[in-house]
Amino acid sequence: MTDLVEPIPGVAPAPQVRAGRGYLLYLAAAVLFSINGTVAKSLMLGGLGATYLSQLRVTGAAIIMLAGLAVLRPATLRLRRAELPLLLVYGVLGVGATQGLYFISITTLPIGVSLLIEFTSPLLITLWFRFALHHPTKRIVWVGLVGALGGLAVVARVWEGFTLDPVGFAAAVAACFALAFYFVSTDMQVRGDHPRDPVSLTAWGMAVAAVFWAVVQPVWTFPLGELAGSAPILGTTGPLVPAWTLSAWIVVMGTVVPFSLVVLSMQHLRASQASTMGMVEPVIATTIAWVALGETLSPVQMVGGAILLGGVVLAERNR
């Protein structure tokens, strides 16, 4: 006789794992994230500060996602007391810090350079699996790690005395750690003993990040006048468009949709696979920023970026 198990509200049933579907979902998210970097920098060129942009992004996304789930799938919003601690840290560090630090970094760094630094996060995840979870590690993994760090040194052109802006570089490195935590904590929450519905996980993560920013920057201090103005879309000399249209893109197509795609993809991928797939984002984002903003990497930096990405993929695929 088969036992009947009552489903737990807010907890997703175990999905059928299809790696191919997971990779396609993450690829779609990476394309949207790549476009979003250029849109966000355009808004910042128009005068909106990086931290306010991050606050706008998570607050708008939280309102949309929570409202949508409250109407369409209210049961998924129910929370269990046991999941609250990790969910709170996930929202502040995995969601809020990752986005805010990325925006701060691209204020002074080219988008491509910032993403190359941030997406060394798979190296941290590899180290986590090795030393925290005691997974066996092949020797070639360490070759990949060394290669990736060497590529990063080439991107930074360390032989010239470190040419990157120190504030932007520090923010990108911190974003790398926050992104690694995002991948690992998402993996834990959507694949644990009581897996959380991935869309509700994103919604609650955005809500926690929104509350965090509301404490750091009270909503009445938000510069609404910046949204009533215009922002360039093709660099400082490009045509101007209403800032609110770019803001709407960032909230919906740059946040709600791609973040949902990421957590949906992680029903089929592990954190290590998803973060490796993320390696396409610096390539796509660099191309878009080159076309739209005129940001370029030197030939040496492009070689370094290729070495970095190759080292990360080598390390992860052989972990």
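The values are calculated or read from the model by the stated rules, or taken from the named source; none is laboratory data. Treat the numbers as computed from the prediction; the structure is a model and nothing was measured. Cβ placement follows ideal geometry from the backbone for every residue including glycine, while neighbour counts extend to all protein chains displayed.
Some notes on this structure:
- Among residues of the stretch 129-157 that are within 19 Å of residue 309 (Cα to Cα), those with a beta-carbon under 9 Å from a residue that is part of a loop (DSSP other than H, G, I, E, B) and hydrophobic (A, V, I, L, M, F, W, C) at least six positions away or on a different chain give the pairs 155/164; 155/297; 156/162; 156/164; 157/164.
- Selection from the stretch 51-68 of residues that are buried (at least 20 other Cβ atoms within 10 Å of the Cβ) and aliphatic (A, V, I, L, M): 53, 56, 58, 61, 62, 65
- Residue within the stretch 136-151 that is hydroxyl-bearing (Ser, Thr, Tyr) and in a helix (DSSP H, G or I) present: no
- Test: residue in the stretch 138-152 that is closer than 30 Å to residue 47 by Cα and modelled with pLDDT under 85: no
- Taking the numbered list (1) acidic (Asp, Glu); (2) outside any helix (DSSP H, G or I); (3) in contact (Cβ under 8 Å) with a residue 40 or more places away in the chain in turn, residue 193 passes all entries but (3).
- For the residues 18, 81, the requirement of being modelled with pLDDT under 90, among the basic types (Lys, Arg) and more than 18 Å from residue 259 (Cβ to Cβ) singles out 18.
- Residue among 239, 198, 166, 258 that alone is closer than 29 Å to residue 291 by Cβ and modelled with pLDDT under 85: 239
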